[in-house]
Amino acid sequence: MQDESSKMWKAATQAIHVGHEREAFGSLVTPLYQTATFVFDSAQQGGERFAGNEPGYIYTRLGNPTVAELERKMAILEGAEAAAATASGMGAVSAALLANLQIGDHLVASNAVYGCTFALMTNQFARFGIDVTLVDFSEVELIERAIKPNTKVIFCETPVNPHLQVFDLSAIAAIAKRHSLTSIVDNTFMTPLLQQPIALGIDVVVHSATKYLNGHGDVIAGIVCGSEAQLHRVKYEILKDIGAVMSPHDAWLILRGLKTLDVRLQRHCDNAQRVAEFLEQHPAVTRVYYPGLKSHSGHRFIGQQMRRAGGVIAFELAADFTQAMAFVGNLKLFSIAVSLGDAESLIQHPASMTHSPYSPEARAAACIGDNLLRISVGLEDCDDIIADLSQALAALV
Ligand code: LCS
């Protein structure tokens, strides 16, 4: 473990070094403790560990050294006291919400979120007696107006999947504090290298680590970051019993991915900015949603709340559903796939894919139309990405 000086390092350095514990053989790379359980020296020791009287590992669902290194690193990167690694981004979202809600409670959430987060809040929580009000978080007054005596949590993601709206995290944190609520923010699209919600007063940060944190498209995983008290509930009251924990192998891959997060993000952001500018001037494209563009409502937050605009772009074509599908089919470099934050450029159709869990009415209200496409701009040479989009768009004009 590093000394205090590691706290002064820049995030790119921390992403490589912090959280690492020197082990017996001096391995440069974190060892992969691919084990389900840990052997006790004696029955008495086992009992002492279960009772919490003696430190040490017990069983990988309760903790594992490889997973713990990832948790330490993510806590430091997010400026949190602690972190918990989960089996998926949805595992992180659900664990953070369930740790703070129970029957009879009320949740105020953004009406624009990832499709399965929407389904969790509107379908599953209703079954367990948790009431949800969804509002447009770009109008801060609407958040405050939705608060009831039994409200416990405010939840949003920013930038939003898929339109990249940006919400004012300092204002949301202030509302939560004024009403003694827990604020939870999904930081998947930014990662702590581009945005640190806890520094702005947010209580809990969740991630789909499937995306940029891992960055190589070979893991489904999530992270929750927050105070020691929050994370104690998440780990030992929710994840312990619900079981949505991360496997050591996935943690090992994410630790490897994090070492290049800073350089990958720079390339994703550079490429996405150029691609967004290209799309914005193209006659076959009617609208581009990317916070790096001056035309986007979230642009004012760049360089403030968020360091850069990230690697995801949504855009609408001057096309109907059939033409939009033909455009997608004509792309050669892009893979037609959901997910984001991988080396490969990906394209997907939110209305029929990521946001299909929305009801048709909710989808219409969120402006997720049949001509909306979302791309995750990869790490390829940007000239090749633009050339591919250009040849497929040419068929539309
Ligand atoms: N939060 C956000 C903002 C997401 O975009 C996703 C997945 C999740 C949470 C859930 O993470 P998972 O359980 O998949 O690790 N978003 C996806 C997307 O846009 N395409 O495919 C999955």
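From the set of residues in segment 195-210 that are surrounded by fewer than 24 Cβ atoms within 10 Å (Cβ to Cβ) and touching a residue at least 60 places away in the same chain (Cβ under 8 Å), which is nearest to the chain's Cα centre (by Cα)?
GLN196
Within segment 331-341, identify whether any single residue is closer than 30 Å to PRO192 by Cβ and basic (Lys, Arg), and answer yes or no.
Looking for residues that are closer than 30 Å to PRO192 by Cβ and basic (Lys, Arg), one finds none in segment 331-341, hence no.
Does segment 280-299 hold any residues that are open to solvent by 10 Å² or more (accessible area, probe 1.4 Å) and part of a loop (DSSP other than H, G, I, E, B), and which are they?
GLN281, HIS282, PRO283, GLY292, LYS294, SER295, HIS296, SER297
For segment 70-111, enumerate the residues that are closer than 19 Å to THR191 by Cα, away from the ligand (no atom under 16 Å from the Cβ) and open to solvent by 10 Å² or more (accessible area, probe 1.4 Å).
Answer for segment 70-111, where residues must be closer than 19 Å to THR191 by Cα, away from the ligand (no atom under 16 Å from the Cβ) and open to solvent by 10 Å² or more (accessible area, probe 1.4 Å): GLU71, ARG72, ILE76, GLY79, ALA80, GLU81, ALA82.
Identify all residues within segment 355-385 that are assigned to a helix (DSSP H, G or I) and either surrounded by fewer than 17 Cβ atoms within 10 Å (Cβ to Cβ) or without any contact (Cβ under 8 Å) to a residue 60 or more places away in the chain (or both); write none if there are none.
If the condition is that a residue be assigned to a helix (DSSP H, G or I) and either surrounded by fewer than 17 Cβ atoms within 10 Å (Cβ to Cβ) or without any contact (Cβ under 8 Å) to a residue 60 or more places away in the chain (or both), then PRO360, GLU361, ARG363, ALA364, ALA365, ASP383, ASP384 are the ones that fit.
Checking ALA209 against (1) out of contact with any Ser or Thr (no Cβ under 6 Å at 6 or more places or on another chain); (2) within 15 Å of the ligand (Cβ to nearest atom); (3) over 30 Å from VAL328 (Cβ atoms); (4) among the aliphatic types (A, V, I, L, M): exactly one of these is not met. Which one?
The one condition ALA209 does not meet is (3).
Please tell me if GLY217 is touching a residue at least 12 places away in the same chain (Cβ under 8 Å) and either open to solvent by less than 10 Å² (accessible area, probe 1.4 Å) or closer than 28 Å to ALA84 by Cα (or both).
yes
I'd like the residue in segment 24-53 that is in contact (Cβ under 8 Å) with a residue 40 or more places away in the chain and open to solvent by less than 60 Å² (accessible area, probe 1.4 Å) and, out of all such residues, is farthest from ASN64 (Cα to Cα).
By that ranking, first place goes to THR30.
The values are calculated or read from the model by the stated rules, or taken from the named source; none is laboratory data. Note that this is a predicted model, so its numbers are computed, not measured. Ideal geometry is used to build each Cβ from the backbone, glycine not excepted, and the neighbour counts take in all protein chains shown. All accessible areas refer to the heavy atoms of the entire protein, side chains included, with ligands and DNA or RNA removed. Shrake-Rupley method; radii C 1.70, N 1.55, O 1.52, S 1.80 Å.
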